[in-house]
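Peer 1: Quick one: this structure, given as structure tokens, is what I'll be asking you about.
The numbers here are math on the coordinates, done by the rules we state, and not lab data. Computed from a prediction, not measured in an experiment: that's the story for all the values here. Cβ sites come from the backbone with ideal geometry, for glycine too, and all protein chains shown count toward neighbours.
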Amino acid sequence: MKTMNSRSTRRAFLKRAALTGCALAATRIWPVSILQAREASDVLKCVQVGCGGRAQTHLDEVIVKRGQKLFALVEPDEKQLLQTKKWLESKGQNLDGVQTFNDYRTMFDKIGSQVDAVFVATPNHHHATVALTALDLGRNVYCEKPLTHSIAEARLVREKARSQSKVATQMGNQGHCMEGYRLLCEYIWSGAIGNVIETHSWTDRANGGEGPRPPSKPIPPGMNWDAWIGPAPYRDFHVDLHPHEWHGWYDFGNGSIGNMGCHILDGVFWALKCGHPTSIETEQIRGGSDERYPLGSRIRWDVPARAEMPALKVYWYEGLSATTTDHPYGQTHAARGDARNLPPILADLQQKYPDEYFGKPDGGTLYIGDKGVIFTGTYGERVHIINGDPNAGRPNVPQILSRPADIFTDFVTACRAGKSDTASPFEYGAQLTEFSILGNLAQKAGLHNKVEWDGPNMTVTNIPELNQWVKRENRKGWGMA
């Protein structure tokens, strides 16, 4: 799959690579063969694509704290770029020699062969294009969640990562590297709460909206708007998009599910080996439009029996509550005077058990087994079995899974060693992303319109018009035909 900005750009890159092939060893430009043989003490040449949101965390963890080399910054908004550079300088970073670009296609064309690791913190609709281009060049890639904007992109990225067996990939769901979700898996796999028949996950994020698209406005000075739009359908600049509100628009983000699903549903998908659900349905919705995700919703995934695990219902609650009360556990929090969209079963448990069990419940999951209940926080933290005794020790279960130091150390170590084995590689991240953003299809289908999903064939079987969101054509010049 070609992912450069055009065929001529790819030809130009390959021509330069051929002309400089004899000098690669002397100039420390790292093709895949040299990348694989790199000594562990070598410093990675890193490119940060997108300077908003999580980018500062990337730069702080990898450049400032771990001493890797910042090679280039890519950001279409000059104001955002300057703020990031100023922040780096305040951290004592010398930016002499750091190249800057306002279009990642230009960056890959000019310096792609010299890069060791690419860090992606763009809006979701750019994730796959950047990741595929980097992988096509044999570069290591760390990409924020969700890994892609669409399900078809997730499968393309997964396939491409498989073909690069010595290239490190990592999706930025940091909880996957922490103790909590690993302990959760060991609890569930050892039968600590018996058969898990349903889960309830929630977030306080309300990444959506309602009403028509705002009127067009002039493009802000210093903004490469065409590069910001990238592979999405073109539209004029307007408010409620940049730098963060893009999450709530179909064309650019994936709503609250895209923002937090790969964190909060990580334990569900991993510990319960969910694979492909057979159907997904929106049971409650508030707000939204033909272009915007809702401000609140409740969604159900129906997962068939897997090996020794029974059929499972996965519930997701996000944002603000609606007035719908047709949930098996009774009233929603709206009816109780709380605008938060929380599982009623959480309120029932909070009445029975002390606050130490849950902390601040801004997000988390309850795993309902036939022998008990497990709680995990947004990133898998605070994992414990709810048994009426907050001081009870942890069950004695075998440790099956490794315990990585942290997600950035894990990635940098793999890059240096020329290994693809990371804690949350694209092989896993693509599958978790796909499972999570299937919830977007249910939101687009509307209230109580069950979406029948043929996972192996990547097709909605009963509402064919939804398949336009399973695979979307990119705008001309942005690859992935």
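Peer 1: Can you give me the P(r) profile for segment 240-314? Cα pairs, bins 10 angstrom wide beginning at 0, each as a whole percent.
Peer 2: So the P(r) values, bin by bin, are 17, 42, 28, 11, 1.
Peer 1: What whole-number distance in Å separates the alpha-carbon centres of segment 352-366 and segment 221-283?
Peer 2: Distance between centres, Cα-based: 27 Å.
Peer 1: Mean residue ellipticity at 222 nm from the helices of the chain, using -39,500 (n - 2.57) per DSSP H segment of n ≥ 4 over the full residue count, to the nearest 500 deg cm²/dmol?
Peer 2: Calculated at 222 nm, the ellipticity per residue is -9000 deg cm²/dmol.
Peer 1: Can you give the Kirkwood hydrodynamic radius of segment 146-264 from its Cα pairs, in Å with one decimal?
Peer 2: Value: 17.9 Å, from the Cα pair sum.
Peer 1: Continuing with the same structure: Hey, if you put +1 on the Cβ of every Lys and Arg and -1 on every Asp and Glu Cβ in the chain, which of PRO464, PRO294, ILE368 ends up farthest toward the positive end of that dipole?
Peer 2: PRO464
Peer 1: Same structure again: Does anyone have the angle between helix 407-417 and the longest principal axis of the chain? Alpha-carbon axes, 0 to 90°, nearest 10?
Peer 2: 40
Peer 1: What residues have an amide H closer than 5 Å to that of ASN102, excluding those fewer than 5 places away on the same chain, when H is modeled at 1.01 Å from N in the peptide plane?
Peer 2: Under 5 Å from the amide H of ASN102 lie the amide H atoms of GLU75, each far enough along the sequence or on another chain.
Peer 1: Is the C-alpha gyration tensor of segment 125-180 telling us rounded, prolate or oblate? Criteria: a/c under 1.5 is rounded; beyond that, a/b larger than b/c is prolate, otherwise oblate.
Peer 2: Oblate shape, in that a/c is at least 1.5 and b/c is the bigger or equal ratio.
Peer 1: Percentage of Cα-Cα pair distances in segment 384-481 greater than 21 Å, rounded to whole percent?
Peer 2: Above the 21 Å cut-off, segment 384-481 has 63 percent of its Cα pairs.
Peer 1: Continuing with this model, one more query. For segment 45-163, what is the convex hull (Cα atoms) projected area averaged across all directions, in square nanometres?
Peer 2: Taking a quarter of the hull surface, the average projection is 6.8 nm².
Peer 1: Could I have the simple spin-label model distance between THR57 and ARG213, label points 7 Å from Cα toward Cβ, reported in nm to one decimal?
Peer 2: In this crude label model, THR57 to ARG213 measures out at 3.1 nm.
Peer 1: Of the peptides 130-136, 458-464, 76-82, how do they stack up when ordered by the mean number of other Cβ atoms within 10 Å, highest first?
Peer 2: 130-136, 76-82, 458-464
Peer 1: At 0.36 nm per residue, minus the direct Cα-Cα distance, what do ALA417 and GLU381 gain on full extension? Give it in nm, one decimal, please.
Peer 2: 10.0 nm
Peer 1: If you filter segment 246-317 for GluC sites (Glu not before Pro), then keep DSSP loop positions with at most 16 other Cβ within 10 Å, what is left?
Peer 2: Counting only loop positions with at most 16 other Cβ atoms within 10 Å, the GluC sites (Glu not before Pro) in segment 246-317 are GLU291, GLU308.
Peer 1: Using the Karplus equation 6.51 cos²θ - 1.76 cosθ + 1.60 (θ = phi - 60°), what ³J(HN,Hα) coupling, rounded to whole Hz, does each residue of segment 54-69 give in order, writing x for Gly and Pro?
Peer 2: In residue order, the calculated couplings are 6, 4, 4, 5, 3, 5, 5, 6, 9, 8, 6, 7, 9, x, 7, 9 Hz.
Peer 1: If Lys and Arg each add +1 and Asp and Glu each add -1, what is the summed charge of the other residues whose beta carbon sits under 15 Å from the beta carbon of ASN195?
Peer 2: Once all neighbours under 15 Å are counted, the net charge is +1.
Peer 1: Given that compact globular proteins tend to follow 2.2 N^0.38 Å, what is the ratio of the alpha-carbon Rg of segment 146-210 to that value?
Peer 2: It is 1.55.
Peer 1: Using alpha carbons only, how many angstrom separate the centre of segment 47-120 from the centre of segment 144-209?
Peer 2: 26
Peer 1: Return the sequence-ordered ³J(HN,Hα) values of segment 173-188 in whole Hz as given by the Karplus equation 6.51 cos²θ - 1.76 cosθ + 1.60 applied to θ = phi - 60°, using x for Gly and Pro.
Peer 2: 9, 4, x, 5, 8, 8, 5, x, 5, 5, 5, 4, 4, 5, 4, 5
Peer 1: Oh, and also: Roughly how tilted is helix 7-19, in degrees to the nearest 10 and between 0 and 90, from the longest Cα axis of the chain?
Peer 2: For helix 7-19, the angle is close to 60 degrees.
Peer 1: Here is a further query. Of LYS65/LYS273; LYS65/LYS145; LYS273/LYS444; LYS110/LYS444; LYS91/LYS217; LYS145/LYS371, which ones are farther than 30 Å apart at the Cα?
Peer 2: LYS65/LYS273; LYS110/LYS444; LYS91/LYS217; LYS145/LYS371
Peer 1: Still on this structure: List the residues, sorted by chain then number, that are 5 or more residues from PHE237 or on another chain and whose placed amide H is less than 5 Å from its amide H.
Peer 2: LYS217
Peer 1: 5 Å is the cut-off here: which amide hydrogens, built 1.01 Å from N in the peptide plane, fall below it relative to VAL373, excluding neighbours closer than 5 in sequence?
Peer 2: For VAL373, whose amide H was placed from the backbone, the distant partners under 5 Å are ILE386.
Peer 1: Which whole-Hz couplings ³J(HN,Hα) result when phi for each residue of segment 356-363 is put into the Karplus expression 6.51 cos²θ - 1.76 cosθ + 1.60, θ = phi - 60°, listed in order with x for Gly and Pro?
Peer 2: 4, 5, 10, x, 7, x, 6, x
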